[in-house]
Amino acid sequence: MNKRIYLDYAATTPVDSKVFQAMKPYFMEKYGNPMSVHGFGQESLEAMDKARTQVAEFLNCSPSEVIFTSGATESNNLVVKGVIRSYYSKFPTNYKSGTNIQITNKKFVIPHIITTRFEHHCVLDACKRMENDKLAEITYLTVSKDGVIRVEDVKKAIRPNTILISMMYVNNEIGTVQPIAEIGKLIKKYYPRLIFHTDATQGANYFDCDVNNLGVDLLSMSAHKIYGPKGIGMLYVKTNTPIRRVQDGGDQEYKMRSGTHNVPGIVGLGKAVSMISEQRPKNKEILKLRDYLIKRVLDEVSHSHLNGSKAKRSPNNANFRFDDVEGEGLVLSLDMEGIAASTGSACSSGALEPSHVLLSLGLKPEQAHGSLRLTLGKYTTKKDVDTAIGKLKEIIKRLRKISGGVMKEFN
Amino acid sequence: MKYSKKVLEHFTHPRNQGRIRNADGVATVGNPVCGDIMKIYIKIGENKKGEKILEDIKFETLGCGAAVATSSMVTDLAKGETIEKALKISRQDVSKELQGLPPTKEHCSNLAAIALHDAVKNYKDKLKKKK
């Protein structure tokens, strides 16, 4: 079999060898629990403190504002549920998931959260749960056709009872960049009590994550999208942000996240984060290669389209749709040629419904079904891209021959 | 979710793919929301016993690997068979012949047998109208 080509860096990235080297001692030699008083523990604690500092430097925050979690999904759940929990803690209630809240305090108003329709499922479903449990009202902002949220729409959605805005930095499927810093400014100026959260999972490699520049109170990140290991992530929690832990247990992570520390993972996250800035020059090459990919596909494949804005887009993301072609067949065919791509998010590949992200752009279901996401990374070469384009053209021709004109009956 | 060898084989080398001009029966099933649309064309002939048979059958399919493979398989199973036998080919037969389908694919992507039955009905309806 020919060399396999990986064009799914948005799903996950390989661990960088330097990251792996940094992690290695913390499995078999330095295995102490950082909460332990003895030398073994202190050795691990030291490594963990270093990682916390590395993350803090990257975000330009204090190390005490960095909470390690198992990944962005956990961080995002903690944001939505933890902010709601903190809010309800101010009122004497029978707070319990799934029960009707009866609060007699006259000052009580049901809290309101603003998020977007094309958020990752971990945010969307956490919000839906709060909504179903009648703990919060949620506004799901509509997305403009180019895949970018309008600041005006955010402003209009803010109500007196709004407590949290949660919006992703870069969309995981179409790679569009949201105006986080602009919204951050707006909030700080006019609504200083509002909590602003961004899920920066897909943005960390390519965009400024200085929390002061962004004006966020909470920021989620994951290691495995930045050449770090899977199963580790973090949540930045600005000092004095009203949020409570949702996982009960030990005193780890300033009592914000219980559970024994994943020390090798934390060390890996720290190392991966510290390497982001030195890799930034490489990003220009990735962008050039991505633009080359987009241009060639749109030029050489008839009836092909780019989903989402070309300009306001992560440098590594290309998301196409092809008329009269179905995405899964396309991904399957590419895989048989040794090329790894995806239709959308790897997290929803079990679903048969068209992607909620693509539908939020106003695409028809059949258009959404005909989509393909190619995401590049630091190991992608021009040869990889050329090979992929060549195969893509052959496969689309073949699949269009099989589909004939069946779609015409529905147009 | 993984496809069987048989599914991949039919997906990469589909049998009886294409269309039949002046077909005796045609039917389309599926819808754009599901993402799988299958169209079956049949040409009716007679065997030595004078029974009506599916002399030729072809398909066009827009859909996932399973949708293409089930379409291909149903044409394989039905070609040359009598109308009665073709009507007895079930979705279960198709998935069995393909060494099984991932559970999520059984519902949406295994509609080829229904398209075949509909194409035969379409042929019968046309016949009635002629009389």
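Summing Lys, Arg as +1 and Asp, Glu as -1, what charge do residues with Cβ under 14 Å from the Cβ of A:Arg193 carry, A:Arg193 excluded?
Residues close to A:Arg193 contribute a combined charge of +4.
Which number do you get for Rg(Cα) / (2.2 N^0.38 Å) in region B:5-126?
That works out to 0.98 for region B:5-126.
If one computes P(r) from the Cα atoms of region A:164-243, what percent of pairs lie at distances over 17 Å? Write down the numbers at each step before the final one.
On the way: 1364 of 3160 pairs.
Here the long-distance tail beyond 17 Å is 43 percent of all Cα pairs in region A:164-243.
What angle, in degrees between 0 and 90 and rounded to the nearest 10, separates the Cα long axis of helix A:327-336 from the longest principal axis of the Cα atoms of chain A?
Compared with the principal axis, the helix lies near 80 degrees.
Pull out the extension gain between A:Glu409 and A:Asn213, defined as 0.36 nm times the separation in residues minus the alpha carbon to alpha carbon distance; nm, one decimal.
Gain in length upon complete extension: 65.4 nm.
When the dipole is taken about the Cα centre of region B:36-120, and only Lys, Arg (+1) and Asp, Glu (-1) are charged at their Cβ, what size is it in debye, to the nearest 20?
100
Using the number of other C-beta atoms within 10 angstrom as an exposure proxy, rank A:Thr375, A:Thr116, A:Thr142, A:Thr73 with the fewest first.
The most exposed by this proxy come first: A:Thr142, A:Thr73, A:Thr116, A:Thr375.
Give the percent of DSSP beta bridges with both residues in the protein assembly as shown that are antiparallel, rounded to the nearest 5.
65
Divide by every residue of chain A the summed helix terms, -39500 (n - 2.57) for each DSSP H run of at least 4, and state the resulting mean residue ellipticity at 222 nm, rounded to the nearest 500 deg cm²/dmol.
That calculation yields -12500 deg cm²/dmol at 222 nm.
Kirkwood-based Rg over Rh for the protein assembly as shown (C-alpha set), two decimals? Can you show the working numbers first?
On the way: Rg = 27.3 Å, Rh = 25.8 Å.
Rg divided by Rh gives 1.06.
Two-decimal Rg/Rh of region A:313-411 from alpha-carbon positions, Kirkwood Rh?
That ratio is 0.97, to two decimals.
Which of B:Gly50, A:Phe320, A:Val267 sits farthest toward the positive end of the charge dipole of the protein assembly as shown, with +1 on the Cβ of Lys and Arg and -1 on the Cβ of Asp and Glu?
With unit charges placed on the Cβ atoms, the residue in question is B:Gly50.
Equivalent-ellipsoid semi-axes (√(5λ), Cα gyration tensor) for region A:150-204, whole Å, largest first?
Each semi-axis is √(5λ); the values are 21, 11, 10 Å.
Relative contact order of chain A, please, whole-number percent, based on alpha carbon pairs below 8 angstrom and at least 6 residues apart.
22
Calculate, for B:Glu106 and A:Val151, the FRET efficiency according to 1/(1 + (r/R0)^6) with r their C-beta to C-beta distance and R0 60 Å; round to the nearest 0.05.
Between B:Glu106 and A:Val151 the formula returns 0.85.
Hey, if you put +1 on the Cβ of every Lys and Arg and -1 on every Asp and Glu Cβ in the protein assembly as shown, which of A:Thr142, A:Ser44, A:Ala22 ends up farthest toward the positive end of that dipole?
A:Thr142
Under the definition of partner shielding as Cβ atoms of other protein chains within 10 Å of a residue Cβ, what is the mean value for peptide A:322-334?
Mean partner-chain Cβ count within 10 Å for A:322-334: 4.
Give me A:Met336, A:Met23 ranked fewest to most by other Cβ atoms within 10 Å of their Cβ, as a rough exposure proxy.
So the ranking, lowest neighbour count to highest, is A:Met336, A:Met23.
Taking the Cα centre of the protein assembly as shown as origin, sum charge times position over the Cβ atoms of Lys and Arg (+1) and Asp and Glu (-1), and report the length of that vector in debye to the nearest 20.
1100
In which sequence would A:Tyr26, A:Tyr190 go, from the one with the fewest C-beta neighbours within 10 Å to the one with the most?
Fewest to most other Cβ atoms nearby, the residues stand as A:Tyr190, A:Tyr26.
Using only atoms on other chains, find how many Cβ atoms lie within 10 Å of each Cβ of peptide B:34-44 and report the average. Don't skip to the end; give the middle numbers.
Numbers: counts 6, 13, 6, 8, 2, 5, 0, 1, 0, 0, 0.
If you average over the peptide's residues, the count of other-chain Cβ atoms is 4.
Set Lys and Arg Cβ to +1 and Asp and Glu Cβ to -1, take the dipole of the protein assembly as shown about its Cα centre, and tell me which of B:Leu87, A:Leu363, B:Cys64 lies farthest positive.
Checking the options against the dipole of the protein assembly as shown, the answer is B:Leu87.
Rule-based calculations on the coordinates, nothing more; no lab input. Values in this document were obtained by computation on a predicted structure and should not be read as measured data. When we count neighbours, we look across all protein chains shown, and the Cβ atoms used for this are built from the backbone with ideal geometry, even at glycine.
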